[in-house]
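Trainee: Below is a structure I'd like to ask you about.
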Amino acid sequence: MKNKIVNSIIAILIFTSCIVQSPKYTTLEKVISLRIGMSKTEVEEILGVKPYDLKAYTDSSNVFIYVYRTLDRKTLSFDTKPINGNKSKGKYVQLAVAYSKKGNVKSIESCNMCPDNLVNVNKVDFNGIVVFITVTLPILLIYFGLKK
């Protein structure tokens, strides 16, 4: 009986996972190296990613959305200084690149009006699992201890 319970708990922990669907993204350093007048292939070579979405397709231009990720830093709240802390990946930002009909870059801008829904997270509530295990396991151990 104990073996089945332990195997069940192990199976629950193994099969629960955190699944994150995120777009392919580039870095801010690569975005900064873009220039007006570049072709679409040059932009894609520098960024290393294809467009994420199409924002506008008009008679005079096409606006494609690329995704880049910022770099944040984590630090203790009472020790905040301009350069301390650990580097960490920040939020996803959408970059709108407008191309002329000839295929050259007309404008480059961060898309502030774009929705911030680039990451879909399907995750198991690990806090719930921990509470379940910390409450259930002692009860089971007490039960089997009293049973003998």
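Trainee: Suppose the filter is loosely packed, with under 11 Cβ neighbours inside 10 Å, at pLDDT below 70 and over 30 Å from D59 (Cβ atoms); does N112 pass it?
Mentor: Numbers: loosely packed, with under 11 Cβ neighbours inside 10 Å: yes; at pLDDT below 70: yes; over 30 Å from D59 (Cβ atoms): no.
Against the criterion (loosely packed, with under 11 Cβ neighbours inside 10 Å, at pLDDT below 70 and over 30 Å from D59 (Cβ atoms)), N112 does not qualify.
Trainee: Working carefully through the options K50, K74, find the one that is open to solvent by 100 Å² or more (accessible area, probe 1.4 Å) and in contact with a Gly (Cβ under 6 Å, 6 or more places away or on another chain). Outline the logic, then answer.
Mentor: Working: K50 fails: in contact with a Gly (Cβ under 6 Å, 6 or more places away or on another chain).
Result: K74 is the single residue among K50, K74 that is open to solvent by 100 Å² or more (accessible area, probe 1.4 Å) and in contact with a Gly (Cβ under 6 Å, 6 or more places away or on another chain).
Trainee: Mind checking which pairs have a first residue in the range 124-143 that is in contact (Cβ under 8 Å) with a residue 40 or more places away in the chain and a second that is surrounded by 11 or more Cβ atoms within 10 Å (Cβ to Cβ), Cβ under 6 Å, 6 or more apart or different chains?
Mentor: The qualifying pairs are V124/T16.
Trainee: Output the residue which, of all residues in the range 87-108 that are within 21 Å of the chain's Cα centre (by Cα) and either among the hydrophobic types (A, V, I, L, M, F, W, C) or at pLDDT 80 or above (or both), is surrounded by the fewest Cβ atoms within 10 Å (Cβ to Cβ).
Mentor: Here is the first cut: in the range 87-108, the ones within 21 Å of the chain's Cα centre (by Cα) are 87-96.
Next, from what is left, pick out any that are either among the hydrophobic types (A, V, I, L, M, F, W, C) or at pLDDT 80 or above (or both): 91-96.
Working: K91: 10, Y92: 17, V93: 19, Q94: 22, L95: 23, A96: 19.
Within the range 87-108, the match that is surrounded by the fewest Cβ atoms within 10 Å (Cβ to Cβ) is K91.
The values are calculated or read from the model by the stated rules, or taken from the named source; none is laboratory data. Fair warning: this is a prediction, and the values are worked out from it, not measured in the lab. As a convention, Cβ positions derive from the backbone with ideal geometry for all residues, glycine included, and neighbour counts pool all protein chains shown. With ligands, DNA and RNA removed, areas are computed over all heavy atoms of the protein, side chains included. Shrake-Rupley method; radii C 1.70, N 1.55, O 1.52, S 1.80 Å.
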